[in-house]
Amino acid sequence: MTNLPALVSFTEAAAAGSFTVAAAKLDLTPAAVSKNVARLEQQLGVRLFNRCTRQLRLTAEG
């Protein structure tokens, strides 16, 4: 079963296109949002975001 904080972190990051912006909205650190999303990806067995230094893009599964 997926956890709610991970789903909330994912949806905010997807909407904002940034872990930093999502973290500010959720009153978390960017690292916490990233870890939540990583846990969700591990639970689902798919990669949800393509990450690089300046961009965060959804994958087809995301």
### Query
Among THR53, THR11, THR20, which is more than 11 Å from the chain's Cα centre (by Cα) and either without any contact (Cβ under 8 Å) to a residue 60 or more places away in the chain or at negative phi (or both)?
THR53
### Message
With the requirement that a residue be part of a helix (DSSP H, G or I), surrounded by fewer than 14 Cβ atoms within 10 Å (Cβ to Cβ) and acidic (Asp, Glu), what does the range 4-62 give you?
### Response
none
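No lab work stands behind these numbers, since they all come straight from the coordinates. Just so it is clear, the structure is predicted and the values come from calculations on it, not from any experiment. Counting neighbours? That spans all protein chains shown, and the Cβs are built from the backbone with ideal geometry, glycine included.
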